[in-house]
1. Does region 166-187 contain at least one residue that is over 30 Å from residue 326 (Cβ atoms) and without any contact (Cβ under 8 Å) to a residue 40 or more places away in the chain?
2. Pairs, please: C-beta under 9 Å, at least 6 apart or cross-chain, first residue without any contact (Cβ under 8 Å) to a residue 12 or more places away in the chain and in region 119-137, second outside any helix (DSSP H, G or I) and small (Gly, Ala, Ser)?
3. Search region 1-19 for residues being part of a strand (DSSP E or B) and not hydroxyl-bearing (Ser, Thr, Tyr), and hand back the single one that is farthest from residue 29 (Cα to Cα).
4. What is the residue count in region 304-343 for residues that are farther than 26 Å from residue 73 by Cα, of a type in the set (Ser, Thr, Tyr) and at pLDDT 95 or above?
5. So, in region 249-297, of the ones that are over 19 Å from residue 227 (Cβ atoms) and of a type in the set (Val, Ile, Thr), which residue ends up surrounded by the fewest Cβ atoms within 10 Å (Cβ to Cβ)?
6. Only residues in region 70-91 that are more than 11 Å from residue 116 (Cα to Cα) count as the first member; pair them with residues that are part of a strand (DSSP E or B) and aromatic (Phe, Trp, Tyr), Cβ under 8 angstrom, at least 6 apart or cross-chain, and list the lot.
7. Tell me which of these residue 316 doesn't satisfy, since it passes every other one: (1) under 19 Å from residue 243 (Cβ atoms); (2) among the polar types (S, T, N, Q); (3) assigned to a loop (DSSP other than H, G, I, E, B).
8. Filter region 228-248 for residues that are crowded, with 23+ Cβ neighbours inside 10 Å, in contact (Cβ under 8 Å) with a residue 60 or more places away in the chain and either at positive phi or not aliphatic (A, V, I, L, M) (or both) and give the result.
Amino acid sequence: MVTAGDTYQADLLIEDGVIALIGRELPPGDVQVIDAAGKLLLPGGIDVHTHLELPFGGTLSSDDFFTGHRAAAFGATTSHIDFVIQPKGGSLAEGVETWRAKAAGKAAIDYGFHMAITDLRDEVMAEIPSLIDEGITSLKLFMAYKGVLQVDDTTLFRAMTTAAEHGMLTMVHAENGDVIAELTTKLLGEGKTAPKYHATAHPAMAEAEATGRAVALAGIAGAPLYVVHMTCEESVEQLVLGRAKGFPVMGETCTQYMFVFEEDLARPGFEGAKYVCSPPVRQPKDAVVLWRNLANGTLQVVSTDHCPFWYEGSVQGRIPGKELGKTSFDKIPNGMPGLEDRMAVIWHHGVNGGHFSANRFVELTSTNPAKIFGLYPRKGTIAIGSDADIVLWDPEHEHTISAATQHQNTDY
């Protein structure tokens, strides 16, 4: 058994989907017995940052709740939290209803929702407490995607204070959307339209500035803050500064930022579009910083921001995908697949690569997500009374990741 705090040998009895007993040499009785000798038993992975069937840039992310859950289960993730997007001019309740309909009849693993707020009118503010009754305890605000999802500082601060009053957590996508919009206009005006210019339009300092601003506002509001998909040293520094002042700020990074880099955006032809996401992938030196801060506790979670699109959806007779941006990088749907492979690649490079222990792996991929988002100890650990969301893990198993064998619904 491997948990965030311990490693030990034991037998496990499961009854009705719940861990009923843990001990050595338990009498088997009239039950199905699985001999897991030589393997590890881990809490199932919890991915708290996914976007299934997300409307974006004139299309949808290519995984729905069926294919996304299939991929998650094959990849040792047993729970995830997706983002409900408030419709512009609409209510929070409308958004929740839409996302519940997306999941209806398709779910294969446990799931929950965050609420992404795009339009914080007074009547919407009044809806926030009712989210708790829906099981939603976290709000997300975007500091980027100007004219679409971006909110101003007044809205962000009001959301933070309201969330704090009701014991909720505020999450932010921290990039300076005004700077990004200005740089994008300038680059396109110069004829710089290739995928590699996506990174140029989203500089690390624009992420750092927004992170610092969000941390400061959270400190003023006395509100807990969770900064999603942190990518670079400059933004992590802002988190460290805020925590040194006693602000309750937390951060996550995502798998792509440890393995995919800005040079990949410059691959020949349109290949770089496969790796366009926001914030963009950075430099190898930033990955070194992220690994170090995952190990030392500065970053609490590694998730995926799973938001896949077809590379050539129209060509294959499917919904459009990355090809929407062939003439202009700002039209490329932002996102990458990751839900299926998160656990394996983080174990391989994190544990086998010597960055951290198996216990820290469990903490980053399951226990901390469960604790931060109110799921612990029902999930995120192996304990009597916890859900039996467990993974039988063979640390010696090898497999090759490929588009042909993956269960994620995309073509690369």
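1. Looking only at region 166-187, we keep the residues that are over 30 Å from residue 326 (Cβ atoms), and these are 166-172.
Checking the rest, the ones that are also without any contact (Cβ under 8 Å) to a residue 40 or more places away in the chain come to 166-167.
Within region 166-187 (the criterion being over 30 Å from residue 326 (Cβ atoms) and without any contact (Cβ under 8 Å) to a residue 40 or more places away in the chain), the answer is yes, since at least one residue qualifies.
2. Listed by first residue and then by second, the contacts come to 121/89.
3. Residues of region 1-19 that are part of a strand (DSSP E or B), as a first pass: 2, 7, 11-15, 18-19.
Adding the requirement that they be not hydroxyl-bearing (Ser, Thr, Tyr) leaves 2, 11-15, 18-19.
On the way: 2: 25, 11: 13, 12: 13, 13: 10, 14: 12, 15: 12, 18: 17, 19: 16 Å.
By that ranking, first place goes to 2.
4. Number of matching residues: 2.
5. Here the answer is 288.
6. The qualifying pairs are 76/393; 79/111; 80/111; 81/111; 81/113.
7. Going through (1) under 19 Å from residue 243 (Cβ atoms); (2) among the polar types (S, T, N, Q); (3) assigned to a loop (DSSP other than H, G, I, E, B) one by one, residue 316 breaks only (1).
8. 235
The values are calculated or read from the model by the stated rules, or taken from the named source; none is laboratory data. Model, not experiment: these values are computed from the prediction. Cβ: placed from backbone, ideal geometry, glycine included. Neighbour counts: every protein chain shown.
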